[in-house]
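Chemist: So that we are looking at the same thing, I have put the structure below in structure tokens.
The values are calculated or read from the model by the stated rules, or taken from the named source; none is laboratory data. Predicted model, so just to flag it, every value in this text is computed and none were measured. Cβ sites come from the backbone with ideal geometry, for glycine too, and all protein chains shown count toward neighbours. Note: accessible area is taken over every heavy atom of the protein model, side chains too, but ligands, DNA and RNA are not part of it. Shrake-Rupley method; radii C 1.70, N 1.55, O 1.52, S 1.80 Å.
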Amino acid sequence: MDTTLQQPSRRTVLRSGLATGTIALAGAGVVVDSRPSAAAVVPAANPFTLGVASGDPAPDGFVIWTRLALEPLAADGLGGMPSSTYQLNWQVASDERFADVVKAGTVAAEPGWAHSMHVEVHGLRAGREYFYRFRLGNHLSAPGRAVTTPNPWETPSALAMAFVSCSNFPSGYFTAYRRLAEERPDVILHLGDYQYEGAGNGLGRNHVGPETTTLAGYRQRFAQYKSDSDLQAAHAAAPWLAVWDDHEVDNNCAAGIPEKVAETPTFPQRRAAAYRADYENMPLRRSSVPDGPNLDLYRRVQWGRLANLHMLDTRQYRDDQACGDGYKDCPDAADPSRSLPGLEQEQWLIDGFRTSQARWDLLGQQVFFGQRDNDPSAATTVSMDAWDGYPASRRRITQGWVDAGVRNPVVLTGDVHAHWASDLYLDWADPDKPVGSELITSSITSGGNGYDSPTGRHPWADWNPNLRFWTNLRGYVSTTITPNELTARCRCVPVVSSPGAEAFTRAEFVIDDGVRGLRQTADNPLPSLAARRAAPSDEQIIADTIREETHGAE
């Protein structure tokens with residue numbers, strides 16, 4: 001009798017990996033390790049309480065993420081996990097049933113990184129949908145969906161992209177995340193304020209712990225947010241491109257300067273803690289592993305020849321606000337040496353414009369790009385925290401895309417807790433014709449329920465002609481991008497004070513290929529909503545706008 005052992009095929013090993021602990025390693029041969037965790041005793045309870053996520057897609061793969069936590073709200077930020085290293089199995093399949101597993105491997109979950117793990121998957125086919133999951137012992141994570149980008153030389157027929165911002169846990173329920181997950185876009189851009197550092201209570205949901213200033217506090221706060229089922233659904237639905245704004249660290253911070261100047265000496269330690277927790281909890285590549293109070297976050301993702309996604313960091317390198325926070329008439333803000341993204345990042349972005357071969361160049365960033373003068377009687381009374389407070393920096397960026405001949409420049413913005421739409425000009429003192437467009441998403445919850453106006457018009461539009469639309473309802477922006485046009489839908493939920501609301505499209509705009517400026521194609525105020533919760537006076541709308549942007553949900 002022939003007793004020679006028959007070597008299993010690669011596909012057999014891949015398909016059986018999660019069931020038996022058999023793992024196929026990249027390169028030559030097969031290594032069999034039947035131990036579900038070689039370094040620690042597998043916990044009896046399910047440790048996949050924080051869900052899964054994917055991010056930073058490329059033509060051949062993406063990052064997949066999870067973090068183990070038996071007690072997500074543990075005060076030490078370590079999720080109730082023993083101080084042991086666990087070996088997890090992971091799989092990527094071409095189908096939701098995992099009948100066709102195409103990649104598999106192991107990854108270590110180490111206590112020094114709060115048992116988080118980031119797997120950079122390679123060797124996949126471009127422009128395809130995949131599914132992934134993790135296993136520890138008998139515990140299996142929920143599956144997630146991810147998408148690879150097209151090859152650089154290909155022009156896909158369409159890209160379904162959504163962008164979101166500002167999800168404050170105590171301000172309401174994350175229903176908008178759930179509705180976004182149901183759309184199953186190709187990619188989701190998170191433009192900042194993923195979590196909030198402040199303490200305090202809200203609409204039936206409270207932050208656990210005091211204001212976050214330590215690594216334990218930031219880890220605990222992330223775990224509380226990631227325990228939310230609606231947020232988990234949004235992460236599992238599509239790969240994310242995530243960048244931060246201020247609340248991931250400290251309200252309206254600027255580079256190494258905190259909101260409270262007296263705290264400046266200890267701010268590097270606080271920022272280092274926040275950055276480490278951010279990396280541990282987001283699906284980022286190893287190029288973003290933090291180095292103390294520094295983390296490389298700005299990056300560019302190419303969606304074939306259809307679109308470039310330029311993801312900016314407008315907090316880590318900026319000059320301080322010229323005249324403090326709030327809306328000011330501040331001549332010092334115009335100093336040409338001042339920069340919002342920092343001069344190095346400015347040059348990186350302009351270089352990207354010069355080499356772009358894409359039909360659409362999309363800037364995913366945090367703060368309002370277009371002008372919003374809040375007082376027609378003053379010279380220029382604008383937000384010191386937004387691009388209005390850094391006009392020379394804004395002019396260099398805008399001139400950069402004009403000089404480079406960028407075919408369709410579109411700025412994508414969060415931060416302000418309201419949907420807006422704006423045309424963009426090169427010279428705001430003498431606006432002639434638009435040179436680009438800006439789409440601004442409302443918050444997921446920050447600001448609470450909000451309100452709508454049947455006109456869709458903010459009072460500032462009377463003397464800021466670039467402002468084309470506004471509503472103070474919560475939600476996100478969903479887009480469909482083709483070679484011929486970009487269609488943007490301002491998706492809203494009527495309330496966030498109770499869960500389960502349905503989403504609706506409040507307004508829709510189209511940007512035509514090669515045409516500067518926005519074209520509105522739908523306007524859908526809800527009469528019943530307006531009757532229940534009518535918009536307040538113009539004075540109150542303006543006061544609410546300034547409050548939310550300056551002190552909102554601290």
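Chemist: Take the Cα atoms of the range 319-443, find their three principal axes, and give me the spread along each one in whole Å, biggest first.
Modeler: For the range 319-443, the Cα extents along the three principal axes come out at 42, 31, 29 Å.
Chemist: Would you mind checking the tilt of helix 10-20 against the longest principal axis of the Cα atoms of the chain, expressed as 0 to 90 degrees and rounded to 10?
Modeler: Computed tilt is about 90 degrees.
Chemist: Turning to a different aspect of this structure: Give the shape of the range 388-448 as rounded, prolate or oblate, defined through the alpha-carbon gyration tensor: a ≥ b ≥ c are the square roots of its eigenvalues, a/c under 1.5 means rounded, and otherwise the shape is prolate if a/b is larger than b/c and oblate if not.
Modeler: Working: a/c = 2.30, a/b = 1.93, b/c = 1.19.
Taking the square roots of the gyration eigenvalues as a ≥ b ≥ c, the range 388-448 is prolate.
Chemist: Okay, moving on. Can you check what the net charge comes to around residue 165, using other residues whose Cβ is under 10 Å from the Cβ of residue 165 (Lys, Arg +1; Asp, Glu -1)?
Modeler: Values: positive: none; negative: 193, 245, 415.
Cβ neighbours under 10 Å give a net charge of -3.
Chemist: Evaluate the Debye formula for the range 66-156 with equal point scatterers sitting on the alpha carbons, no solvent, and hand back log10 of I(q)/I(0) at q = 0.16, 0.23, 0.26 Å⁻¹, in q order, two decimals.
Modeler: The computed values of log10 I(q)/I(0) come out as -0.72, -1.12, -1.29.
Chemist: Same structure again: Would you please name the chymotrypsin sites (Phe, Trp or Tyr not before Pro) within the range 135-211 that are DSSP coil residues with at most 13 other C-beta atoms within 10 Å of their C-beta? Before the final figure, lay out the partial values.
Modeler: Working: sites: 153, 163, 173, 174, 177, 194, 196; in loops: 153, 173, 174, 194, 196.
Here the chymotrypsin sites (Phe, Trp or Tyr not before Pro) that fit, given the DSSP loop and packing criteria, are 153.
Chemist: Over 19 Å, how big is the tail of the calculated P(r) for the range 171-286, in percent of all Cα pairs? List each step's numbers first, then the result.
Modeler: Details: 3216 of 6670 pairs.
For the range 171-286, the fraction of Cα-Cα distances above 19 Å is 48 percent.
Chemist: Going by the alpha-carbon gyration tensor, a ≥ b ≥ c the square roots of its eigenvalues, is the range 276-338 rounded (a/c under 1.5) or, if a/c is not under 1.5, prolate (a/b greater than b/c) versus oblate? Before the final figure, lay out each step's value.
Modeler: Working: a/c = 2.99, a/b = 1.57, b/c = 1.90.
It comes out oblate by the Cα gyration axes.
Chemist: Averaged per residue, what accessible area in Å² does the range 93-173 show with a 1.4 Å probe, protein chains only? Let's see the in-between values first.
Modeler: Values: 2950 Å² over 81 residues.
Here the per-residue accessible area is 36 Å².
Chemist: Okay, moving on. Taking amide hydrogens as modeled 1.01 Å from N in the peptide plane, which residues meet the under 5 Å criterion relative to residue 303, leaving out close sequence neighbours?
Modeler: Under 5 Å from the amide H of residue 303 lie the amide H atoms of 308, 309, each far enough along the sequence or on another chain.
Chemist: Using only the Cα atoms, work out Rg/Rh for the range 222-336, with Rh taken as the Kirkwood radius, to two decimals. Numbers along the way, then the final one.
Modeler: Numbers: Rg = 16.6 Å, Rh = 16.3 Å.
With Rg and the Kirkwood Rh in hand, the quotient comes to 1.02.
Chemist: Moving on to the next point. Can you tell me which aspartates and glutamates have their Cα less than 15 Å from the Cα of residue 103? Leave out same-chain residues fewer than eight positions away.
Modeler: 60, 95, 120, 129
Chemist: Where in the range 416-475 are there chymotrypsin sites (Phe, Trp or Tyr not before Pro) that are in a DSSP coil and have at most 16 other Cβ atoms within 10 angstrom of their Cβ?
Modeler: Passing sites in the range 416-475 are 463.
Chemist: Could you pull out every one of the lysines with an alpha carbon less than 20 Å from that of residue 260, ignoring same-chain neighbours closer than 8 positions?
Modeler: Filter leaves 328.
Chemist: Follow-up question, since we're still on this one. Once amide H atoms are built 1.01 Å from N in the peptide plane, which residues 5 or more positions from residue 105, or in another chain, come under 5 Å H to H?
Modeler: 90
Chemist: Would you mind checking the tilt of helix 343-355 against the longest principal axis of the Cα atoms of the chain, expressed as 0 to 90 degrees and rounded to 10?
Modeler: The two axes meet at around 80 degrees.
Chemist: Moving on. Long-range amide H contacts for residue 419: which residues qualify at under 5 Å (H placed 1.01 Å from N, peptide plane, sequence gap of 5 or more or a different chain)?
Modeler: Counting only residues 5 or more places away or on other chains, the set is 442, 471, 473.
Chemist: Moving on. Report, for the range 142-292, the % of DSSP beta bridges that are antiparallel, rounded to 5. Let's see the in-between values first.
Modeler: Values: 1 of 8 bridges.
Taking every DSSP beta bridge within the range 142-292, about 10 percent pair in antiparallel fashion.
Chemist: Name the cysteines of the chain that stand alone by the Cβ rule: no other cysteine Cβ under 4.7 angstrom.
Modeler: 166, 253, 490, 492
Chemist: Report, for the chain, the % of DSSP beta bridges that are antiparallel, rounded to 5. Each step should come with its number before you reach the end.
Modeler: Values: 75 of 99 bridges.
Among the beta bridges of the chain, antiparallel pairing accounts for roughly 75 percent.
Chemist: Need the list of lysines near residue 433 for cross-linking: C-alpha distance under 21 angstrom, and skip anything on the same chain fewer than eight residues off.
Modeler: Once the sequence-local lysines are set aside, nothing remains near residue 433.
Chemist: Here is a further query. Counting only other residues whose beta carbon sits under 15 Å from that of residue 524, what net charge do I get with K and R as +1, D and E as -1? The partial results should precede the final answer.
Modeler: Numbers: positive: 457, 489, 491, 506; negative: 452, 502, 508, 523.
With Lys, Arg at +1 and Asp, Glu at -1, the neighbours total 0.
Chemist: Over the range 239-303, give the accessible area per residue in Å² for a 1.4 Å probe, as an integer. Please report the intermediate quantities before stating the final value.
Modeler: Numbers: 2300 Å² over 65 residues.
Accessible area per residue: 35 Å².
Chemist: Can you give the accessible area per residue of the range 359-455, in Å², using a 1.4 Å probe?
Modeler: 26 Å²
Chemist: For n ≥ 4 DSSP H runs only, could you compute -39500 (n - 2.57) per run for the chain, divide by its residues and tell me the 222 nm figure to the nearest 500? Walk me through the numbers before you get to the answer.
Modeler: Details: 9 runs with 101 residues, N = 554.
Dividing the helical sum by the residues of the chain leaves -5500 deg cm²/dmol.
Chemist: Helix 538-550: angle to the longest alpha-carbon principal axis of the chain, degrees 0 to 90, nearest 10?
Modeler: That works out to roughly 40 degrees.
Chemist: Another question, then. Over all directions, average the projected area of the Cα convex hull of the chain and note it in nm². Don't skip to the answer; put the middle values down first.
Modeler: Numbers: hull surface 105.0 nm².
About 26.2 nm², averaged over all directions.
Chemist: Which percent of the accessible area of the chain is formed by carbon and sulfur heavy atoms (probe 1.4 angstrom)?
Modeler: On the way: 10220 of 20280 Å².
Whole-percent figure for carbon plus sulfur exposure: 50.
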